[in-house]
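These notes concern the structure reproduced below.
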Amino acid sequence: MTNSHITSAYDEELKYLTRRISEMGGLAEQMAADAVRALVTGDAALAQKVISEDVVLDNAEREIIDKAVVTIAKRQPMAADLREIMGAIRIAADLERVGDLGKNNAKRVIAIQQSGVPRALARGLEHLSELALMQLKEVLDVYATRSAQKAESIRDRDEEIDAMYTSLFRELLTYMMEDPRNITPCTHLLFCAKNLERIGDHATNIAESIYYITTGYQPEGERPKHDDSVSVAVTPDA
Amino acid sequence: MNDATMNNALMSNVKTTTKADVMTESKISAKNVQVFYGEKHAIKDVNIEIRPRSVTAFIGPSGCGKSTFLRCINRMNDTIDICRVEGDIAIDGENVYDPKVDPVQLRAKVGMVFQKPNPFPKTIYENVAYGPRIHGLARKKSEMDEIVATSLQKAGLWNEVKDRLDAPGTGLSGGQQQRLCIARAVAVSPEVILMDEPCSALDPIATAKVEELIHELRENYTIVIVTHSMQQAARVSQRTAMFHLGELVEEDDTDKMFTNPNDQRTQDYIMGRFG
């Protein structure tokens, strides 16, 4: 579709950024998925692996920023090239945050391990994680293909995750009310659910960045939101 | 209606009027301009409106016709025998190719600065005083001194040369010589200043000084600049026009042109890709 640069080294620099973003994306996705698996199965070793992997993502983000700055200084990019580089910086930051959220979930595994996760709640958490990770996986595919249209539809789907999160939130409150022994694991699970919901938000941010890279325009309008957990109140039956 | 809504309504009114004004107001208006060098069709049906008191940059690959078109505005192409210009170029509504128009008067109104600084082999003072003298702009020495001083000030050169106005203009550095040429152009009180790659022979510091000068001159003059430096076009201009193979490909706000141009040819050119 687009022609190559006259200076081939410039093409290499841009390709390098794209490749590193894809690698970061793969790792962030893996970490988030492993963390949920570790939670559900109480696998402390897997949790530890996730925690130790975070540094790789942090370094990758720093490296992408360094390379991007050098490329800007050296090539003085214009138009689509400039958007590509700015987009890479933003996406790297989002992916680094996804890694942090995965790591945070992994850290809670130890605390939850003693009481274990009630099967029904694990189901809900797994479902939420499936949605968020699907969103992340698709957005990374879209980054590879640069389809503005798909980026927009991903952005519009964030509300599913928000709705799922709200329902899980309600469920966790109910469990806590039923038995105070559930409070410790359920509170941790609330944070885990929130972390997964945020991973969905980062996927949406990435979709918006891709839309901007591809079209040169910011996506219009507010993104659809269905996170009603802020107004959820569950009262014990009298 | 509360205060806020009234303010909003007022603001939106103001906005619309300003926009409409900008849309209709133009200093230079070119319609269906064609230029031929003998058999060669160098400019193909160019239409463009150039706004007053702003900087318009012409960009495009070598040989695209941007300099040729620039030179049409003050009839510099008249001196080339095989060159033929068709169509209309009007400044403030007056066709510059009207037989009644005196090219010498026209070039006082439309000054020009070239790629290589070309001061006259005369003193700094005489370089600036030459134009006002042939156009009879000063009646006495004190008036001429005044013109020379203000012109050099406008060109940002005064402080560097005020103690040596009798030194030869050719003894200045390249950047100073170019600013001397700008002072020379400004001395005859032009309305339009055409610049044909004014910084391509200058180092980054001298370039920055000329760019700063362009920025200041913009308040009082309509400036059209041809440049091969994309960054320069992006820095100094408000509007950018892209030429390719004698055609005007597109013309738009500079911010838009360098972040998200409409035409693929502009994209490829500014990003340094094969077209």
Inset, instruction - Given the conditions (1) within 30 Å of A:I89 (Cβ to Cβ); (2) loosely packed, with under 14 Cβ neighbours inside 10 Å, report the number of the one that A:D162 does not fulfil. - result: (2)
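Each row is one residue, and each column tells you yes or no for (1) assigned to a helix (DSSP H, G or I); (2) among the acidic types (D, E).
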residue	(1), (2)
B:R164	no, no
B:T170	yes, no
B:Q178	yes, no
B:R184	yes, no
B:S200	no, no
B:A206	yes, no
B:E211	yes, yes
B:H215	yes, no
Inset, instruction - Name every residue in the stretch A:206-232 that is free of Cβ contacts under 8 Å to residues at least 40 places away in the same chain and not polar (S, T, N, Q), in order of residue number. - result: A:Y217, A:E220, A:G221, A:E222, A:V230
Inset, instruction - Would you check if B:P261 is under 28 Å from B:N32 (Cβ atoms) and more than 14 Å from every other protein chain (Cβ to nearest Cβ)? - result: no
Inset, instruction - Run A:I112 past the list (1) open to solvent by less than 10 Å² (accessible area, probe 1.4 Å); (2) under 15 Å from the mean Cα position of the chain (by Cα) and report the number of the one that doesn't hold. - result: (2)
Inset, instruction - Determine, yes or no, whether B:G65 is in contact with an Asp or Glu (Cβ under 9 Å, 6 or more places away or on another chain) and open to solvent by less than 30 Å² (accessible area, probe 1.4 Å). - result: yes
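Looking only at residues that are polar (S, T, N, Q) and not in a helix (DSSP H, G or I) in the stretch B:113-161, which one is least open to solvent (accessible area, probe 1.4 Å)?
B:T123
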Inset, instruction - Those residues that are among the aliphatic types (A, V, I, L, M), within 12 Å of another protein chain (Cβ to nearest Cβ), assigned to a helix (DSSP H, G or I) and open to solvent by 30 Å² or more (accessible area, probe 1.4 Å), I need them from the stretch A:1-29; list them, please. - result: A:A9
Inset, instruction - Quick one: which residue in A:I65, A:I72, A:I51 is part of a helix (DSSP H, G or I) and within 14 Å of chain B (Cβ to nearest Cβ)? - result: A:I72
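Could you list, in sequence order, the residues of the stretch A:77-96 that are assigned to a helix (DSSP H, G or I) and either within 13 Å of chain B (Cβ to nearest Cβ) or more than 17 Å from A:E61 (Cβ to Cβ) (or both)?
Passing the criteria: A:A79, A:A80, A:D81, A:L82, A:R83, A:E84, A:I85, A:M86, A:G87.
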Inset, instruction - All but one of (1) under 19 Å from B:D203 (Cβ atoms); (2) touching a His at 6+ places or on another chain (Cβ under 8 Å) hold for B:V188, so report the exception by its number. - result: (1)
Inset, instruction - Could you tell me which numbered condition B:K256 fails, if it satisfies all but one of (1) open to solvent by 40 Å² or more (accessible area, probe 1.4 Å); (2) of a type outside the set (A, V, I, L, M, F, W, C); (3) more than 11 Å from every other protein chain (Cβ to nearest Cβ)? - result: (3)
Inset, instruction - Check the stretch B:191-209 and report whether any residue there is surrounded by 23 or more Cβ atoms within 10 Å (Cβ to Cβ), within 14 Å of chain A (Cβ to nearest Cβ) and either modelled with pLDDT of 95 or more or more than 23 Å from B:G156 (Cβ to Cβ) (or both). - result: no
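So that you can scan it fast, the table gives a plain yes or no per residue for (1) modelled with pLDDT of 95 or more; (2) not small (G, A, S):
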site	(1), (2)
B:T5	no, yes
B:I28	yes, yes
B:Q34	yes, yes
B:K44	yes, yes
B:C72	yes, yes
B:T79	no, yes
B:A90	yes, no
Legend entry - Pick from the stretch B:227-275, criterion among the acidic types (D, E) and either in contact (Cβ under 8 Å) with a residue 40 or more places away in the chain or assigned to a strand (DSSP E or B) (or both), ranking: nearest to B:C64 (Cα to Cα): B:E247
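The values are calculated or read from the model by the stated rules, or taken from the named source; none is laboratory data. Model, not experiment: these values are computed from the prediction. Methodologically, a virtual Cβ is constructed for each residue, glycine included, from the backbone with ideal geometry; neighbour enumeration extends over all protein chains shown. Quick note on the areas: whole protein, heavy atoms, side chains included, nothing else; ligands and nucleic acids left out. Shrake-Rupley method; radii C 1.70, N 1.55, O 1.52, S 1.80 Å.
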